[in-house]
Every structure is written in C-alpha cells, then in structure tokens.
1. Tally the residues that are part of a loop (DSSP other than H, G, I, E, B) and either outside the structural domain of residue 97 (by TED's automatic domain parsing) or of a type in the set (Asp, Glu) (or both), restricting the search to the stretch 179-215.
2. Are any residues in the stretch 60-80 farther than 15 Å from residue 14 by Cα and either part of a loop (DSSP other than H, G, I, E, B) or modelled with pLDDT under 95 (or both), and if so, which ones?
3. From the list 162, 100, 122, which one is within 26 Å of residue 215 (Cβ to Cβ), of a type in the set (Val, Ile, Thr) and without any contact (Cβ under 8 Å) to a residue 60 or more places away in the chain?
4. Does residue 182 fit the bill of being under 20 Å from residue 114 (Cβ atoms), surrounded by 18 or more Cβ atoms within 10 Å (Cβ to Cβ) and either in contact (Cβ under 8 Å) with a residue 24 or more places away in the chain or among the hydrophobic types (A, V, I, L, M, F, W, C) (or both)?
5. For residue 86, only one of the following conditions fails: (1) over 23 Å from residue 183 (Cβ atoms); (2) in contact with a helix residue (DSSP H, G or I) (Cβ under 8 Å, 6 or more places away or on another chain); (3) polar (S, T, N, Q). What is its number?
6. Among the residues of the stretch 152-178 satisfying the criterion of being in a helix (DSSP H, G or I) and among the acidic types (Asp, Glu), which is surrounded by the fewest Cβ atoms within 10 Å (Cβ to Cβ)?
7. Could you identify the single residue in 83, 106 that is of a type in the set (Phe, Trp, Tyr) and not in a helix (DSSP H, G or I)?
8. Tally the residues that are among the charged types (D, E, K, R) and within 17 Å of the chain's Cα centre (by Cα), restricting the search to the stretch 54-86.
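The values are calculated or read from the model by the stated rules, or taken from the named source; none is laboratory data. Since the model is a prediction, treat every value here as computed from it, not as a measurement. For neighbour counting, all protein chains shown are included, and Cβ atoms are generated from backbone atoms with ideal geometry for every residue, glycine included.
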Amino acid sequence: MRLLNKYYIDFVKYLSEENKEETFRYAMQLLKEISVMELYEEILAPALNSVVDEFGAFSKELIWREHVRSGIVRTIVENSYSFVLNERDNIGINHDENIIVLCPKFEEHEIGARMAADFFTIVGFKTTYIGANTPEDTLSLAVEKLKPKYISMSVTNYYNLIEAKRAIDRLRQKDNYSGEIILGGYAFVSDPQVYKRIGGDYLLSNFNEILKFSKGENL
C-alpha cells in the first residue's frame, strides 16, 4: 500500500501538469509492477477526482482542466488492453454470456464505464462497450443484435438517473428485455438503494464486487 501511495503521488504530479507524454509513460511503466485493477482503482480514478479538490467545484478552470486530464486518463485506459487480457488469463474465468456496458443518455462521464468494461472482461464476460450518452434507440438496437444476458450502466451525474430509469423502462416494457441490469457509478454513492428504485438488479461499485458477481457469490 505504501508503494501505491507513492505511485499515486508521482502520477498526480505528472497529471496535474497536463503532461500527457510523461503521464502516459509513467502509467505504462506502473503496469509492469501493479495490476490493472490497482492502476484503475487506486491511481487513475482518485487522480481524476482530485481535480475538483485542486481547483474547487466553482472554478472557471475546472471544466477544461477536467477535460484535459480525462483525455489523458482515457488514453492510458485504452492502451492497457493487453494487460487486461493478461489479467483475464491469470484469473481464468470464462463466461458464455454477453454484457453491454454504456452510459445512459446525457451522461458524458464515460471513464468509469470504460474501466468497468475492462473489469467485466477480466472476469471472463464477453464484453461490448458502447460508450457515453447512449440514446434509448441505440441501446435497443444493440440489445436486439447482441442479445446480452447483462446490461451495465454507469451514471456519474445524479441528475442522469432519470435517463437511466427511462432506458431501463424502455428495455423492460417495449423491448421485452429479460436479462439483468447492473448499475454503478458516483451517482449511487449518496443513496445506494436508488438502483432498485430505477429498475436495476445489481449495484456493483468496484472490481472485487464484479469478481464476486462473476463467481456467483453473495455481494
């Protein structure tokens, strides 16, 4: 844990300078020493969250700084895929079920969903990542084509929970989707039980919970 703290401090130093090249190189070097799960959960996610503490929620600089740093982190995640596949091989779980991962309409914060997609891949699911701001019609077409057993939605902004509910209602009522809905994201932190009220079947908040889910263990 002490090493992870040091890695985090060093990573934030590069990221706070918006130095994409050095931040990327440092993260790729870290993946030779720590797992994808540790990189994502102990370094990347808290480093992104720290930008609000650094500038303040009402700072005029916050939005562009957040966008720049999110872009850097997104590049790191996208280039970690070979390590994701290695982690999957090491864990050795295989599922035949498809899972679609997305953010509902108007939800632009996609990095959490992108990380979740990698986590589902690591625990052996056949994962399709759709992305941010997914309209209901688009999701319906994907479900019709891929016939997933699970759909995972990531919601960061609390106000976008209504869009998640609308998407779930559409799936259940119009599309007759009989699979299970997995929810996650910062929007559920203040009231974890809200996932049930909007129609979700599971709330998964981290890799360990996703791993337990894949093994059929009680959460």
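1. If we filter the stretch 179-215 for residues that are part of a loop (DSSP other than H, G, I, E, B), which is where we start, we get 179, 185, 189-193, 198-201, 204-206.
Keeping just the survivors that are either outside the structural domain of residue 97 (by TED's automatic domain parsing) or of a type in the set (Asp, Glu) (or both) gives 191, 201.
Qualifying residue count, the stretch 179-215: 2.
2. Scanning the stretch 60-80 gives 60, 61, 62, 63, 64, 67, 79, 80.
3. None of the other options fit; the residue is 100.
4. Numbers: under 20 Å from residue 114 (Cβ atoms): yes; surrounded by 18 or more Cβ atoms within 10 Å (Cβ to Cβ): yes; either in contact (Cβ under 8 Å) with a residue 24 or more places away in the chain or among the hydrophobic types (A, V, I, L, M, F, W, C) (or both): yes.
Yes.
5. (2)
6. Top of the filtered list is 169.
7. Values: 83 fails: not in a helix (DSSP H, G or I).
Going through 83, 106 in turn, just one is of a type in the set (Phe, Trp, Tyr) and not in a helix (DSSP H, G or I): 106.
8. Restricting attention to the stretch 54-86, the residues satisfying the condition of being among the charged types (D, E, K, R) are 54, 60-61, 65-66, 69, 74, 78.
Okay, now just the ones that are also within 17 Å of the chain's Cα centre (by Cα), so 66, 69, 74, 78.
Summing the residues that are among the charged types (D, E, K, R) and within 17 Å of the chain's Cα centre (by Cα) in the stretch 54-86 gives 4.
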